[in-house]
There are 4 protein chains.
Amino acid sequence: MKVSVVGAAGYTGGELLRLVHAHPELDLVQAVSRRHAGRPVAEVHPNLHHLGLTFHPPQELAPVDTAFLALPSGASAELEAGVAELAGTIVDLSPDFRAGASSASGDVYRTGLPELYADELPGAERISVPGCMATAAILALAPLSKAGLVAGDVVVDARTGSSGSGAEPGPSSHHAERGNAFRVYKPAGHRHEKEIAAHAKVRARMTVTAVPSVRGAQVVCHVTPPEPVERRDVLRVLQREYRDRPFVRVVARSRGVHRLPDPQFLSGTNFVDVGCAVDEDGGRIVVVAALDNLVKGAAGGGVQSLNVARGLPEDAGLEFPGLHPA
Amino acid sequence: MKVSVVGAAGYTGGELLRLVHAHPELDLVQAVSRRHAGRPVAEVHPNLHHLGLTFHPPQELAPVDTAFLALPSGASAELEAGVAELAGTIVDLSPDFRAGASSASGDVYRTGLPELYADELPGAERISVPGCMATAAILALAPLSKAGLVAGDVVVDARTGSSGSGAEPGPSSHHAERGNAFRVYKPAGHRHEKEIAAHAKVRARMTVTAVPSVRGAQVVCHVTPPEPVERRDVLRVLQREYRDRPFVRVVARSRGVHRLPDPQFLSGTNFVDVGCAVDEDGGRIVVVAALDNLVKGAAGGGVQSLNVARGLPEDAGLEFPGLHPA
Amino acid sequence: MKVSVVGAAGYTGGELLRLVHAHPELDLVQAVSRRHAGRPVAEVHPNLHHLGLTFHPPQELAPVDTAFLALPSGASAELEAGVAELAGTIVDLSPDFRAGASSASGDVYRTGLPELYADELPGAERISVPGCMATAAILALAPLSKAGLVAGDVVVDARTGSSGSGAEPGPSSHHAERGNAFRVYKPAGHRHEKEIAAHAKVRARMTVTAVPSVRGAQVVCHVTPPEPVERRDVLRVLQREYRDRPFVRVVARSRGVHRLPDPQFLSGTNFVDVGCAVDEDGGRIVVVAALDNLVKGAAGGGVQSLNVARGLPEDAGLEFPGLHPA
Amino acid sequence: MKVSVVGAAGYTGGELLRLVHAHPELDLVQAVSRRHAGRPVAEVHPNLHHLGLTFHPPQELAPVDTAFLALPSGASAELEAGVAELAGTIVDLSPDFRAGASSASGDVYRTGLPELYADELPGAERISVPGCMATAAILALAPLSKAGLVAGDVVVDARTGSSGSGAEPGPSSHHAERGNAFRVYKPAGHRHEKEIAAHAKVRARMTVTAVPSVRGAQVVCHVTPPEPVERRDVLRVLQREYRDRPFVRVVARSRGVHRLPDPQFLSGTNFVDVGCAVDEDGGRIVVVAALDNLVKGAAGGGVQSLNVARGLPEDAGLEFPGLHPA
């Protein structure tokens, strides 16, 4: 299956290049970047040095089976019609077509979240991947919501690494300001609240902190159950929901240093780890989820969804398990 | 005023040495450490190299006006009676005498939190400093509680640097495991919940994450108000409460990168920064507080309380403002 | 090919589990750990959660084609005879059999460095992998040495992440001491100097600094050439030497932010990146090499060597290219 | 003494504000910034929140006793004549007047390095502070050079935090690229080589690596002595040289984790720590020096020099000793 990556010089674009190259059924045709056209990919993504790739300009985009769009908000909507003439399938990583938004040409994008929409993705030709923190929160909360364990609003405390804001430098990503920051940059009103509501059917009150890491997103969700619960009840709900999902690991260790999901072990992987705890009086459930914002929260989620859409093994090209220590 | 520091090889002990040395009215008599007795202080605290200090063994403790106890939980209660024979005033940083606990000899310890107990500290000879995350949460929540802005339980999301668990190595503080960790090590049931209840008069449901920093504690408190509020109302409550308190800074910037309290700028200082935001519908108040766990959350809080107890300027010896960039 | 990993709870042991599991021709039989016998592997290596492995005690070691020994110095030499009765091939990652040392049973270990010893490894049944910093320095310096570009001693400035000192906690790896450290812990006399001399045929004067990272080793080698040289001459020597070596990438970019080898992009990979610069007067060559100390500097070097020894593709199981951003 | 800081929104400018405010003899008149004129200083330097300062535009510069210029290279030379009409004394932190360069008006700047030029600074009205890495290397090497311990070129391996390149964002300081970087960005030809030659009388061959820290500069200098030496000889040279210098600490511990100078303990201080080791054969001296690039390597060096120039105690306003843990 011939594939191109548009926006290949960005961080999710680079991850797509890496994942497509490692994928047994996908064949990378072009890495497209307006700004870096004609330059070696390795100047931007030094990890791909050995592949010897060069960026192509957008106007040279060749016909492919699938185009991945890894573009900033707005740019996808703008380029989409042109890409649609050259690519049978489009997988979009931007916010432009999320939450059932349709494109200019009227195409409806399916939600690239196979854990919830495994039935709707097969055969899909337009796929939109949810936001990274939204993905973590949705996968943490949807099973509880479905099981009737959520009463009232949910507090979602989200932490994000710096790669989440992209490759463009600016005052807020300047290393001397950001290197040791715990910056509550979005204490209220984050747009992911709507995605969480749409997919997990809960009202999230979200607070986002920029933390000292490059990759990784972690959400700590504080849920009030309608009546007191025990931890094993919540665990059972999570385990049942994700029993057959290859990329959700329910993490609930009683020994060792690492008992709940920690994004440090997920860099480069498509896993989302989910775990939980409960207050002694049963009055609050704490669900913790972690993932790599650039993989499961973007590029990997896109490849996984494409796998499901095209009938390939869901985990094809996504086998890297992450590192310890990290 | 002659002063000794017992437990001077630990992290809060080291901070006490630094602060006492810089204090215009305090005179350091001994740095006491059982394990390191006879060795240069600089072997443990290289920042104090130029002071040329040596650790003394506990049995050589000399009479002083004030003894600071910077000992692990349990050790303070054990040594306290002996110290009381040599020191008129005891400032304890351990949990042993918190929340109005009295010592074996029946002495009642006052709470070393001048922001709340300015009236009770003058003249005090037994002072117990609250826990670091508790201090941050109490100072964030007490004004709201007093102003009637808190309905129901409060979710307290706390983040702590590695120095909070002391100088003793172990598997959970091993750098290769801890260096990049976002480890939700205490998702529920933290003992600081009780301190918060006692001093801020709210029920806190606390979750603590060990984060990749050495110093610093930050709490993000999610408060449900009895009816919708606006941010300026909350700010006004905080500003009024702390108008005359030298170490609480109400931080509420509308411009720049750093708008809410961030512990990175508080290393070495006795400040606690407090700020807030409110959901668009007024249905949730987010209060953020940050401090240096070893200073305002321990050694500095002790010196500040001693200043108040002895009628010295409250900020004597505590002028360091922190660094930017950090 | 049936494989077991002895010392599987350590950091290089964990990497072996990861690499063996991903290897198309290797079949993991046992993860062996004395201390953690009977416990889930995921308690120690959370990245391998989904594999569902359990540690076996050493006394249950089953017969295999190949045993990897990932043990501390001394322990390998002690266990080796027993392992030799059960495993046809032994790949040792400890210092015990380096530099041509023979085992108690008289077996001579070949050096697990296919870049230098591709001719000696095929068929080998005893393989010893060089030290991580030594590997980086040897691969940086051997081509220059061979080409006659080295006059006199070489200054090797090495930087190492904390995983290099293993999984055992202690005062020097305590996060609060190590997290922001630039600790010149071995300014002179490092044992890797001998390995460098043996394999690269140069006298290295080495200084090692512990730096704030978990993984990664980087060496900056300062070479005095016998007569002034230009950068392109040195580059040509490196490129010629490594033209057909799959894991050495000669990195010499003239544009972009990342022009010389940086270990941040090598976590999890078996690559060693090598690059160079030359003083304007041609009087000093600076060769920089970087690798992941746990992979190319240990577990990956072992798998690569086994691949060569058994006639498998040299890069089997070692395809992960590393991440950007990292 | 009335003082203004020109370029007060930069990193060295912010440090000057902090140091001047804490100085018993200096009175801050204006914090000058073209870009931020009229805005609160705390928007840029949140650590100074409690001071309530506002930036002034350059055209409003008021007459003062001393103006500190904390401007980028080139800007100092441009503004200097105008400032000279308003300020009796100018302390410049840029490279513009280093190495004896004279200003447009013919004024010769003295070198703001009291450790070497204590005799030339008293009375000086034009002072230029050397570069941060140069300062570290000069103070490490000058005593050895003077004592005849240096034969031939010296290899200077320098490591620098991100604040060294200033407050202006750009691709090389973008957190996702810089956060975990060991980037050998200047392997040869650094301009500080000339400063080292001028002041320490040695030829330095320098290599600079950008490392994962915000503050701090560390140099590891590899010196070939004319004949074999022992460590105690080198230590004695350093100790004798710096016996009466308040800001140079000779660090040479034989016990503990922290035996050689580490910049982590120097953030915010004006100390430069110097230590050494020697190869077993006496054939190489390794001298390590560390400092805070923004303090001793810039703002603090300027204040210290002004103290000497005006006959104040050399350490006035510079008492902060740094933190442990850091």
_Just to be sure I understand, how many residues within the range B:57-105 are under 30 Å from residue C:181 (Cβ atoms) and either of a type in the set (Asp, Glu) or open to solvent by 60 Å² or more (accessible area, probe 1.4 Å) (or both)?_
2
*asked:* For the structure I just gave you, tell me whether residue A:172 is within 13 Å of the chain's Cα centre (by Cα) and among the small types (Gly, Ala, Ser).
replied: no
*Mind telling me which of the residues D:245, D:232 ends up being at pLDDT 95 or above, in contact with a Pro (Cβ under 8 Å, 6 or more places away or on another chain) and surrounded by fewer than 18 Cβ atoms within 10 Å (Cβ to Cβ)?*
D:245
*Give me a count of the residues in the range A:161-170 that are open to solvent by less than 10 Å² (accessible area, probe 1.4 Å) and more than 7 Å from every other protein chain (Cβ to nearest Cβ).*
1
*asked:* Can you say whether residue C:257 is touching a residue at least 40 places away in the same chain (Cβ under 8 Å) and either more than 30 Å from residue C:14 (Cβ to Cβ) or out of contact with any helix residue (DSSP H, G or I) (no Cβ under 9 Å at 6 or more places or on another chain) (or both), as far as the supplied structure shows?
replied: no
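Scan the range D:278-311 residue by residue and report those that are in a loop (DSSP other than H, G, I, E, B) and closer than 23 Å to residue D:165 by Cβ.
D:292, D:293, D:294, listed by residue number.
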*Among the residues of the range A:106-123, write down those that are surrounded by 21 or more Cβ atoms within 10 Å (Cβ to Cβ) and in a loop (DSSP other than H, G, I, E, B).*
A:109, A:112, A:113, A:121
_Checking residue B:280 against (1) within 12 Å of chain A (Cβ to nearest Cβ); (2) crowded, with 22+ Cβ neighbours inside 10 Å, only one condition comes out false. Which one?_
(2)
*How about the range D:8-18: which of its residues are in contact with a strand residue (DSSP E or B) (Cβ under 7 Å, 6 or more places away or on another chain) and buried (at least 24 other Cβ atoms within 10 Å of the Cβ)?*
D:8, D:13, D:16, D:17
*Only one of these conditions is not met by residue B:177: (1) free of Cβ contacts under 8 Å to residues at least 12 places away in the same chain; (2) part of a loop (DSSP other than H, G, I, E, B); (3) not hydrophobic (A, V, I, L, M, F, W, C). Which number is it?*
(2)
*Can you name the condition, by its number, that residue A:160 falls short on among (1) polar (S, T, N, Q); (2) in contact with an Asp or Glu (Cβ under 8 Å, 6 or more places away or on another chain); (3) not assigned by TED's automatic domain parsing to the domain that holds residue A:302?*
(2)
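Could you list, in sequence order, all residues of the range B:299-315 that are within 14 Å of another protein chain (Cβ to nearest Cβ) and either more than 22 Å from residue B:137 (Cβ to Cβ) or open to solvent by 10 Å² or more (accessible area, probe 1.4 Å) (or both)?
Listed by number, the residues that qualify are B:314, B:315.
A quick yes/no check of all residues on (1) over 30 Å from residue D:35 (Cβ atoms); (2) out of contact with any Pro (no Cβ under 6 Å at 6 or more places or on another chain); (3) open to solvent by less than 10 Å² (accessible area, probe 1.4 Å):
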| residue | (1), (2), (3) |
| --- | --- |
| D:149 | yes, no, no |
| D:172 | no, yes, no |
| D:187 | yes, yes, no |
| D:190 | no, yes, no |
| D:196 | yes, yes, yes |
| D:201 | yes, yes, no |
_Being under 21 Å from residue B:175 (Cβ atoms) and open to solvent by 20 Å² or more (accessible area, probe 1.4 Å) narrows it down to one residue among C:36, C:50, C:45, C:21; which is it?_
C:36
*Quick one: residue A:31 ticks every box in (1) under 20 Å from residue C:319 (Cα atoms); (2) buried (at least 24 other Cβ atoms within 10 Å of the Cβ) bar one, so which box is it?*
(1)
*Give the residues of the range B:202-240 that are over 19 Å from the mean Cα position of the chain (by Cα) and charged (D, E, K, R), sorted by residue number.*
B:203, B:205, B:227, B:230, B:231, B:232, B:233, B:236, B:240
*Pick out the one residue from A:137, A:158 that is at pLDDT 95 or above, within 20 Å of residue B:279 (Cα to Cα) and away from chain B (no Cβ under 12 Å).*
A:137
*How many of the residues in the range C:298-318 are in contact (Cβ under 8 Å) with a residue 24 or more places away in the chain and either more than 14 Å from residue C:115 (Cβ to Cβ) or touching a Gly at 6+ places or on another chain (Cβ under 7 Å) (or both)?*
14
*Looking at the range C:128-149, which of its residues are assigned to a helix (DSSP H, G or I) and either more than 20 Å from the chain's Cα centre (by Cα) or of a type outside the set (A, V, I, L, M, F, W, C) (or both)?*
C:135, C:143, C:144, C:145, C:146
*asked:* Out of the strands (runs of 3 or more DSSP E) lying entirely within the range D:180-272, which hold 3 or more residues that are facing another protein chain (nearest Cβ under 8 Å)?
replied: D:183-186, D:204-210, D:217-223
*Checklist (1) touching a helix residue (DSSP H, G or I) at 6+ places or on another chain (Cβ under 9 Å); (2) open to solvent by 20 Å² or more (accessible area, probe 1.4 Å); (3) among the aliphatic types (A, V, I, L, M) applied to residue B:285, failing item*: (2)
*Could you tell me whether residue B:279 is among the acidic types (Asp, Glu), more than 17 Å from residue D:52 (Cα to Cα) and under 17 Å from the mean Cα position of the chain (by Cα)?*
no
_Residue that is surrounded by the most Cβ atoms within 10 Å (Cβ to Cβ) [pool: residues in the range D:124-136 that are farther than 19 Å from residue D:202 by Cα and touching a residue at least 40 places away in the same chain (Cβ under 8 Å)]_ = D:129
_Going residue by residue through the range A:150-160, is there one that turns out to be within 30 Å of residue A:90 (Cβ to Cβ) and part of a helix (DSSP H, G or I)?_
no
*With the checklist (1) in contact (Cβ under 8 Å) with a residue 40 or more places away in the chain; (2) crowded, with 19+ Cβ neighbours inside 10 Å; (3) assigned by TED's automatic domain parsing to the domain that holds residue B:215 in hand, flag the one item residue B:153 doesn't pass.*
(2)
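The values are calculated or read from the model by the stated rules, or taken from the named source; none is laboratory data. Here the structure is a predicted model, which is why all the values come from computation and not from measurement. Positions of Cβ are backbone-derived with ideal geometry, glycine not excepted, and every protein chain shown enters the neighbour counts. The accessibility values were calculated without ligands, DNA or RNA, using every heavy atom of the protein model including side chains. Shrake-Rupley method; radii C 1.70, N 1.55, O 1.52, S 1.80 Å.
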